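The values are calculated or read from the model by the stated rules, or taken from the named source; none is laboratory data. Keep in mind that this is a model prediction, so the values were computed, not measured. All Cβ positions, glycine included, derive from the backbone under ideal geometry; neighbour counts span all protein chains shown.
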Amino acid sequence: MPAFDRARSLVAAEKFVKAGKMPEAIAEYKKLADDNPRDMNVVNKLGDLLVRAGKVPTPSGSSCGSPISMPGWLLPQSHRDVQEDLQDRPEESRVPAEAG
């Protein structure tokens, strides 16, 4: 199996965006994000495309500070570990969302 060619994939993704082919662009950016989840330029672009395509749930009727559940593949492993740790904590040990 040949090695993943990031440069070629990035060029293809950008061409898909310019051509308005969002599903194809999203697929290419997912490959790039899977290859290197720490590339924040790629992850940010992927997030932008997902929002434009209506594929990311947004909180309805809530403030901007509300958490949005991100797909696991979009978060680096360290963030998934923190997210799981927070979910496992007892309610009384969590910091309240709004103090006052």
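List the pairs whose first member sits in region 36-50 and is of a type in the set (Lys, Arg), whose second member is part of a helix (DSSP H, G or I), and whose Cβ atoms are under 6 Å apart, counting only residues at least 6 apart or on separate chains?
That search, which allows pairs on different chains as well, returns LYS45/TYR29.
Contact list please: Cβ distance under 8 Å, first residue in region 1-21 and closer than 17 Å to ASN41 by Cα, second residue in a loop (DSSP other than H, G, I, E, B), pairs at least six apart or on different chains.
Here the result reads ARG6/ASN36, each pair linking region 1-21 to a residue that is in a loop (DSSP other than H, G, I, E, B).
Please enumerate the residues belonging to region 17-27 that are touching a Phe, Trp or Tyr at 6+ places or on another chain (Cβ under 9 Å) and more than 13 Å from ALA53 (Cα to Cα).
Selection gives nothing.
Can you tell me which residue within region 15-26, out of those that are part of a helix (DSSP H, G or I) and out of contact with any helix residue (DSSP H, G or I) (no Cβ under 8 Å at 6 or more places or on another chain), is modelled with the lowest pLDDT?
Here the answer is PRO23.
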